[in-house]
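Structure first, then comments.
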Amino acid sequence: MATKKYTVTLPEELAEEIRREVGPGGFSAYVTQAIQRKRKHDQLGELVAWMEEEYGPVSDEDLAAAEAERREIIRKYKEQMEQAGGEPPEALRADAA
């Protein structure tokens, strides 16, 4: 992907905190990933808005059922990983406890 230098204004404290965490040369990559993630989040929001406009809002019951299904999938995955002697990814360790 082609790159171009842009100037943005950030709170100094936040920028320095990130620089300390990512080290020399990692700041641009960190900011790029953050912007890409935000863009994907915005696009998902647009999709949800379109789907709700097209099909109506999701009910609390449907949300609860989807959350229960998600937790069960994570529980089964963690169980399979443990049986295989592996560790689930960090993002799943605290979830569905």
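The values are calculated or read from the model by the stated rules, or taken from the named source; none is laboratory data. This structure is a prediction, so every number in the text was calculated from the model and none was measured. Note that we place each Cβ from the backbone using ideal geometry, even for glycine, and neighbour counts take in every protein chain shown. Just so you know, the surface numbers come from the protein's heavy atoms only, side chains and all, with ligands and any DNA or RNA stripped out. Shrake-Rupley method; radii C 1.70, N 1.55, O 1.52, S 1.80 Å.
Quick one: in the stretch 22-53, of everything that is open to solvent by 90 Å² or more (accessible area, probe 1.4 Å) and more than 19 Å from the chain's Cα centre (by Cα), which residue is farthest from residue 63 (Cα to Cα)? Selected residue: 24. Close Cβ contacts (under 7 Å, 6 or more residues apart or on different chains) running from residues in the stretch 8-19 that are closer than 14 Å to residue 35 by Cβ to residues that are surrounded by 10 or more Cβ atoms within 10 Å (Cβ to Cβ) comprise 18/27; 18/30. Of the residues making up the stretch 57-82, just one is open to solvent by 90 Å² or more (accessible area, probe 1.4 Å) and modelled with pLDDT under 85, namely 82.
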